[in-house]
Amino acid sequence: METQPRKSSERLDERSSEHAAPRAEGFTVRLGGGWAVWSLNTQRLQDQLPTGEHAQSRLVDTIENTAALSLLLGYNILGHAGIGVDVTATGWSLTSRDRGGAGLITILAMWHPVELVSQLLAEPLPDNRFWDISLLVGTGWSAVGQDRALRGLPPAPGHMVLGALAEVYVAPWATIGASFRVYPLLFDEYVIHWDHDVFVELPDRSGGMLIHPSLTLSLRVPTSG
């Protein structure tokens, strides 16, 4: 049987589709590594603390901008929306007695606008698109500190988050990307002593924010074709 000649454009489409963004629903595991930059509202904190407790020296000056790691477990719905749980952690002076750090657990909603637009178009974008952009919003619980600390525990949230992620597919099941997140901080407790659970309530919340740029590696497991 004779083999029909093939156009060069067809071969190019096949090679491009090897790394194309999948359209199927499925699970996502995302690892991130980047930097945590803190900006606390010292005056707002001080106005809510008892006389003699100095937020600047006992808390704000002890918090360091340093490396941060994150792990996200998510599920993509209909190709253009998803939900997930993210855990982000950072720390400093980890080998000393006065170590400090932060931990954030976040419930996320994620949206892929390019994919949604593609689905709505009369002629969808090419299936061999190898890149994607997503937006995210979420809220969760968190704590940060060293000698003194701030925390927001259930049921009240400790933070919100807004962010964006740009990704390139290096395989149908893997991407590398760059992420940028901003966390408005909503801590409602100023912790004076962790072991004895001594804290001051912050009725006006803590204010401030965390900025977290990072690089990401995502692995995807589709549940439908």
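The values are calculated or read from the model by the stated rules, or taken from the named source; none is laboratory data. All of these numbers come straight from a predicted model, not from anything done at the bench. Cβ coordinates were reconstructed from backbone atoms using ideal geometry, including for glycine residues, and neighbour counts include every protein chain displayed.
A few points about this structure:
- Close pairs from segment 148-161: first farther than 14 Å from Y183 by Cα, partner of a type in the set (S, T, Y) and outside any strand (DSSP E or B), Cβ under 8 Å, at least 6 apart: R148/T62; L150/S206
- Scanning segment 48-95 for residues that are over 20 Å from the mean Cα position of the chain (by Cα), in a loop (DSSP other than H, G, I, E, B) and among the charged types (D, E, K, R) yields a total of 1.
For every residue, the table says whether it meets (1) of a type outside the set (D, E, K, R); (2) crowded, with 17+ Cβ neighbours inside 10 Å.
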| position | (1), (2) |
| --- | --- |
| R30 | no, yes |
| N41 | yes, yes |
| Q56 | yes, no |
| S70 | yes, yes |
| I77 | yes, no |
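- G207 being of a type outside the set (K, R) and surrounded by 19 or more Cβ atoms within 10 Å (Cβ to Cβ): no
- Residue in segment 138-169 that is modelled with the lowest pLDDT, counting only those that are part of a loop (DSSP other than H, G, I, E, B) and among the small types (G, A, S): A156
- Taking the conditions (1) in a loop (DSSP other than H, G, I, E, B); (2) closer than 21 Å to G101 by Cβ; (3) of a type outside the set (S, T, Y) in turn, R181 satisfies each one other than (1).
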